1. Using the structure shown, list the pairs from Lys42/Lys193; Lys42/Lys64; Lys112/Lys151; Lys132/Lys261; Lys42/Lys151 with a Cα-Cα distance above 27 Å, or answer none.
2. Between Phe220 and Arg55, what is the FRET efficiency for a Förster distance of 22 Å, r being their Cβ-Cβ separation, to the nearest 0.05?
3. I want to verify a result. In a Gaussian network model of the chain, Cα cutoff 10 Å, which of these has the top mean-square fluctuation: Lys64, Lys42, Lys18?
4. Starting from the Cα of Arg81, step 7 Å along the direction of its Cβ; do the same at Met164; then give the gap between the two resulting points in nm.
5. Which one, Ala236, Leu53, Ser186, projects farthest toward the positive side of the charge dipole computed for the chain from Cβ point charges (K/R +1, D/E -1)?
6. Roughly how many nanometres apart are two label points built 7 Å out from the Cα toward the Cβ at Asp264 and Asp69?
7. Nearest 20 debye, what's the magnitude of the dipole of the chain about its Cα centre given +1 on Lys and Arg Cβ and -1 on Asp and Glu Cβ?
8. Given a Förster distance of 22 Å, report the FRET efficiency between Thr2 and Arg122 from their Cβ-Cβ distance, rounded to the nearest 0.05.
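Please treat every number below as a calculation from the coordinates, not as lab data. Treat the numbers as computed from the prediction; the structure is a model and nothing was measured. Reconstructed Cβ throughout: ideal geometry from the backbone, glycine too, with neighbour counts over all protein chains shown.
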Amino acid sequence: MTRTVYVNGDYLPEDQAKISIFDRGFLMADGVYEVTGVLDGKLIDFDGHRTRLERSLTELGIEKPAAFDNLLDIHRELIRRNDMTEGTIYLQVTRGSAGDRDFAFPNPAQVKPTLVLFSQSRPGLADNPVAKTGIRVISIDDIRWGRRDIKTVQLLYPSMGKMMAMQAGADDAWMVEDGFVTEGTSNNAYIVKDGKIITRQLSTDILHGITRAAVLRFAFEARLEVEERSFTIGEAQQADEAFITSAAQFVMPVVEIDGVKLGDGTPGRVAPRLREIYLEESLRAVMPPCRTLCGQPY
Ligand code: PDD
């Protein structure tokens, strides 16, 4: 089936979708994005992703696209047109195309932002067998820019980190700055010691994960202890468990860090439990037939 994508107001077959070669997203990585999970055909934490998108746009002084208030409908329409049950919806906004290359930002009264959305169907995401065995990570230096709280499309270094991990026979990389873990290439990082969940405090050093916020809320409700502070790779290697969170992977156990197995090298108890709660609660939150806009649930 040809995927239907969304580009600046139009729903198109993916091979007919076009963006200018002068688009600043292409030339300057001048854009931001969101990835929203889909379970059972319904969006997870849509409001959180929309709010973070608005913040990213404001921080970079990119205008909101005209369709901003219709984003929920566009997400739902892509799920419907692509007959999707599990996966993600990717959204990108760039500062648009001024019809030439120029370091100065174009006048927003003349150049409108580009808005693109597409679906990534991933049947079996909730039942991903990898969640049963866990993933292995390596550590790499965090050499990204200083505003990682803005979800920009500058993903070259995270992609390189992913490749370094794969070349080392691992699954992903945790980035380290000044001796402390910041986050994974495309996820937030956690360790568990004596039942306590430890994850880096929010700042401009990491992305403020929407899944992180939900998981910490569920952990609190389940009376699990949470400490938001930095930790080192050495401390992580001595932890009982570790895991990552993201909209694309939910909660995923980590069983090995730089070749050192955590505990007995299998997912512990806390991460699988949090994954279960996250899936249950996300489905429950999206299950009611109608929220604010009637017709389709999200
Ligand atoms: N990545 N940290 C980084 C650097 C990320 O790129 C992501 C998400 C997260 C987790 O954020 P959230 O829980 O809101 O998904 C943390 C997405 C999934 C991606 O780039 O595909």
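1. The answer is Lys42/Lys193.
2. The formula returns an efficiency of 0.45 here.
3. Sorting by GNM fluctuation, first place goes to Lys18.
4. Going from the Arg81 label point to the Met164 one covers 3.9 nm.
5. Selected residue: Leu53.
6. About 5.8 nm separates the two model spin labels.
7. Details: 35 positive and 43 negative charges, 96 e Å.
Dipole of the chain, to the nearest 20 debye: 460 debye.
8. Efficiency, rounded to the nearest 0.05: 0.80.
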